[in-house]
Every structure is written in C-alpha cells, then in structure tokens.
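Chemist: Would you mind keeping the following structure in view while I ask a few things?
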Amino acid sequence: MTISAEKSPILKDSGPLRFPEGFVWGAATAAYQIEGAARDDGRGPSIWDTFSRTPGKVHAGHTGDVACDHYHRYPEDIRIMGDLGLSAYRFSISWPRIQPDGSGPANSRGLDFYDRLVDGLHGAGITPIVTLYHWDLPQTLEDRGGWTNRETAERFAEYAEIVHARLGDRVETWTTLNEPWCSAFLGYASGIHAPGRTEPELSFAAVHHLLLGHGLAAGALRAAGAGRIGITLNLSPVLGDDAEAVSVVDGLQNRIFLDPVLRGEYPADVVGRAGRFTDWSFVREGDLEIISRPIDLLGVNYYNPQTVAARTGEPANPVYPGSEGISFPRPDVPKTAMGWPVQPFGLTDLLVRLSRDYPGTPLVITENGAAFDDVVEAGQVHDTDRVAYLDGHLRAAHAAIEAGADLRGYLVWSLLDNFEWAEGYAKRFGIVHVDYATQQRTPKDSALWYREVVGRNGL
Ligand code: FCB
C-alpha cells in the first residue's frame, strides 16, 4: 500500500511551528492490542487472554486472538510507517511469547518474531523503541499473585535480560513498563483491566513491585550495556479549586510513580493517606535505591487532565483508592469517543511541571492521541476531529519546549486501530483504519496530515 500525495489534507494555517532539530516523530502500539496470533509459535496465555474470556469484562466479548494480525502482517505495517516517513516506532514485546509461563529459558520462536520486526524496521530506516511490559503478564505469574507478589519483579528483570540479549545489538532505546498506574489501580483496585481484581489494599503492593521490577530490569539492562533506558508513565495534570482534593489525586496519579523513580522516595502524604490500606511493609531496605537508578528518558503518555472537586459524602473512585469526598466533574469541553475531555493545554502544563519538579531527565511523549467514531467513505477516512486533536496537542508540546521543557520526541497513539482493552474493538485510536473483517489498512486523513508534519518537522 502506498499513499499518494494528492490525498493529503491541507494543513491548517495557524502559523508555522518548527520542532528542534533531531526531534523524533513516530507512532506507538502494544503487543496484545495488535499482534493476534495468540497461540502461534509457543506463546503462553497472558492475563489479558484470561480476562477477555471472562464474561462481561470486555466489550462484546472481544479478545486479542486475531486483533490486527500484525504478527503476520508486520511487513505491510512497516511499509505504511515508511510511507508516512516515521523516524521511530514504539512497540511492546509480549512476555508470554518469550517465556510462555513467565520464567525459565527463552522460547526462541517468540524472539524470532521480534528479530524479524526489528530488522524490518531498520530496513525501512525506522528506529525501534521497545517497551518490555505493556500489560500482558504471563498467566502463570498471576496465578502466583501477579504484581502483588515480589517475585514477579525478579522474573521481570530476568525476562528483560533475555530480550536484551537477543535484540540489544539493534535496539538502543528501552522502556521497562508502560503505565504502571493502570496495571496497579485498574488491574488490582478497580478490576476494570486484567487481572480484574478488586483489592485496593493490594494495589499498593502492586505499585511497589511494578516499580521494583522497573528498577531491577533497568539495572539488568544497564549491566548488559543497553543504550537508553526509561519508563513510561500516564500522567495527568489535576485541576480544581480544592487544594486537598487536587493533592490527593495528584499523589495517586502522578507523584506515587514520579517520586520513587526520580527522587528515590514515596511522597509522604501518599504514604500517610494509604495507611488505612497498607503498612507499606512490602518496601524493603534498598528497594528505593534500586527503583531510583538513573534513567535516560521519561516516557510521558498524555490524554487529558483530571478535574476534581471536594464533595462531602462522595464514595471513593475505585481507580483512586482512598479518594472518598472527591468528585470528578466532567468539564464542559469537547470530548473524544472515550468521553475524555479535549484539553491540550494540560500537556504544556504537564511537560513544564516535569521539567521544573524533576529536572534533568529528557522527556519523550510516548503516547498521545484520540478515539473518534471514524467511517470509511470511498476509501478515505475524514477524521478531522483527530487532526484537530493532534494539531492542538503538538502546539501544546511546542509551547512547553519554548518554555524550556527538554522534550525529545512525539509518538502518536496509535499507528493502527486496535484492541482497546476493556472497550474491545469499539474504540478506534489509529491514524490508520483497520477493517477487522478483511484486515485492510486505510490511512486516515490524520495519517496523511501527520506525514506532512513529520516531513517538515513541524506544523
Ligand atoms: C493507554 C494505553 C494504550 C492505549 C491508550 C488509549 O492507557 O497505554 O495501550 O490503550 O491508553
């Protein structure tokens, strides 16, 4: 598939903006969301295979069994990225392809797939950016407690070492975890995501063991000579007039991850407030030194800010354990198909805050994008809402750079429409449309627009 120049939508004329030289432009995906081939070449079951088969957990009973069939169609997907002129592609490795039951020797057929993918990317001039964990924990490890069990952190570091041993000669940039907030609080507190547990007390142990896994893996990667090491967090500025409500949610969304990784300590207010759930005895001597090993980049996933207000009698929001008395009003602004508010200024605020409060770590936007109800008309998808969303957020990112933020790159979520977790295939985030019946890929107007942005390094 090639993209013809005539199909390009006209860039909005809101004044030219140039990004710094060498700015990285790319797209992101995750293994379970696109690969399919759930039983090929010795892959073991992950918590998402189990969860998606549990009635009522995922929209319409959708699973990742086939997804975008990227496992077989990756050459076409690389061609599409090449046509778009992308300089980088962030994808995740499926742990259960590499270690079907989460420990022990590598399944070389699983590694072979990523070998082919990485070689194909280099062949197209695209830099691979590897995420080691994007939520597909081997089910066997969950059966032993998952991230509530300290052992999982140790297994994760061994897995990281195995993957690096195979790909480290061709992959320079490594991110350990994607969004540990979701793994811990959606997976173990609210149960909205796999493994679907609703044990807020244990979600804090999950936070810690995820971070410990990050630190141990970062140490293993560093010892093995990895080029650049980072972690990706989903961060949200928290808005509202009530300082206490803002601080509670900011603590649980942002600082509980940022502070241990970048300052070597859990924030005292978060530790104190979570005291009714846990005594934090899972934090052992030396853990925070491991967790705060220096990293080379911080991956930032940004979708929207959180707006909060104090409201007596409000029950806790299950994704923020201990948030009683806080409501989450929906701001009166345009929303995406996920119902998420479109507020690009939040990205500027976030990047500027990170540079101010946690200086010295280069930033990369590892995800940003939006779901809309796209339709294919005569082989085209006129997703003007998505173009406007991306345009607004790139302007916001540029404003942060002008204000001094050390932002090195932008990876749009997502290259392809894909399995959007609990929403199944009902929500489309791709800049390339996927017809799940035929597996046909159709670049949306946003893809053609993005190609122009990439080509001119700006807007
Ligand atoms: C993020 C996830 C990603 C995708 C987007 C919409 O939380 O990392 O896999 O689902 O949201």
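Chemist: Give the residues of segment 336-353 that are within 15 Å of the ligand (Cβ to nearest atom) and part of a loop (DSSP other than H, G, I, E, B), sorted by residue number.
Modeler: 336, 337, 338, 339, 340, 342
Chemist: Which residues, taken from segment 393-405, are small (Gly, Ala, Ser) and either surrounded by fewer than 18 Cβ atoms within 10 Å (Cβ to Cβ) or farther than 17 Å from residue 342 by Cβ (or both)? Step through it out loud before you land on a result.
Modeler: As a first pass, look at segment 393-405 and keep what is small (Gly, Ala, Ser): 396-397, 399-400, 403-405.
Listed by number, the residues that qualify are 400, 403, 404, 405.
Chemist: Of 408, 451, 356, which residue is under 25 Å from residue 35 (Cα atoms), more than 16 Å from the ligand (Cβ to nearest atom) and surrounded by fewer than 23 Cβ atoms within 10 Å (Cβ to Cβ)? Write out each step before concluding.
Modeler: Working: 408 fails: under 25 Å from residue 35 (Cα atoms); 356 fails: under 25 Å from residue 35 (Cα atoms).
Only one candidate passes the filter, namely 451.
Chemist: Here's something else I'd like to know. So how many residues does segment 257-285 have that are in contact (Cβ under 8 Å) with a residue 60 or more places away in the chain and under 25 Å from the mean Cα position of the chain (by Cα)?
Modeler: Start the filter on segment 257-285 by keeping residues that are in contact (Cβ under 8 Å) with a residue 60 or more places away in the chain, which leaves 257-258, 262-263, 274, 277-278, 280, 282-283.
Among the residues that remain, those that are also under 25 Å from the mean Cα position of the chain (by Cα) are: 257-258, 262-263.
Looking only at that region, the number is 4.
Chemist: Inside segment 296-308, can you point out the residues that are away from the ligand (no atom under 14 Å from the Cβ), under 20 Å from residue 408 (Cα atoms) and buried (at least 22 other Cβ atoms within 10 Å of the Cβ)? Spell out the reasoning first.
Modeler: Here is the first cut: in segment 296-308, the residues away from the ligand (no atom under 14 Å from the Cβ) are 296-298, 305, 307-308.
If we keep only those that are under 20 Å from residue 408 (Cα atoms) too, we end up with 296-298.
The answer is 297, 298.
Chemist: Quick check on my filter: what residues within segment 43-89 are in a loop (DSSP other than H, G, I, E, B) and among the polar types (S, T, N, Q)? So that I can check it myself, show each step before the final result.
Modeler: Keep residues of segment 43-89 that are in a loop (DSSP other than H, G, I, E, B), which gives 43-45, 53-58, 62-69, 85-87.
Passing the criteria: 54, 63, 87.
Chemist: Here is a further query. With (1) assigned to a helix (DSSP H, G or I); (2) surrounded by fewer than 21 Cβ atoms within 10 Å (Cβ to Cβ); (3) in contact (Cβ under 8 Å) with a residue 24 or more places away in the chain as the list, and residue 382 as the residue in question, which single condition is left unmet?
Modeler: (1)
Chemist: Can you tell me which residue is nearest to the ligand (Cβ to nearest atom) among those in segment 361-379 that are touching a Lys or Arg at 6+ places or on another chain (Cβ under 7 Å), closer than 20 Å to residue 398 by Cβ and not in a strand (DSSP E or B)? Show your work before the answer.
Modeler: Step one: list which residues in segment 361-379 are touching a Lys or Arg at 6+ places or on another chain (Cβ under 7 Å), which gives 362-364, 366, 370-372, 374.
When the remaining residues are screened for being closer than 20 Å to residue 398 by Cβ, the result is 362-364, 366, 370.
Keeping just the survivors that are not in a strand (DSSP E or B) gives 362, 370.
On the way: 362: 20, 370: 9 Å.
This residue is 370.
Chemist: Can you go through 41, 65 and tell me which one is closer than 19 Å to residue 416 by Cβ and at pLDDT 95 or above?
Modeler: On the way: 41 fails: closer than 19 Å to residue 416 by Cβ.
Selected residue: 65, the only one of 41, 65 that is closer than 19 Å to residue 416 by Cβ and at pLDDT 95 or above.
Chemist: Continuing with the same structure: From the list 94, 108, 103, pick out the single residue that is within 16 Å of the ligand (Cβ to nearest atom) and over 21 Å from residue 410 (Cα atoms). Let's see the steps before the verdict.
Modeler: Details: 108 fails: within 16 Å of the ligand (Cβ to nearest atom); 103 fails: within 16 Å of the ligand (Cβ to nearest atom).
Only one candidate qualifies: 94.
Chemist: So for segment 170-181 (the condition being touching a residue at least 40 places away in the same chain (Cβ under 8 Å), out of contact with any Lys or Arg (no Cβ under 9 Å at 6 or more places or on another chain) and away from the ligand (no atom under 16 Å from the Cβ)), does at least one residue qualify?
Modeler: yes
Chemist: Just for segment 319-337: of the residues that are free of Cβ contacts under 8 Å to residues at least 60 places away in the same chain and of a type in the set (Val, Ile, Thr), which one is farthest from residue 193 (Cα to Cα)?
Modeler: 333
The values are calculated or read from the model by the stated rules, or taken from the named source; none is laboratory data. None of the values given here were measured: they were computed from a predicted structure. Counting neighbours? That spans all protein chains shown, and the Cβs are built from the backbone with ideal geometry, glycine included.
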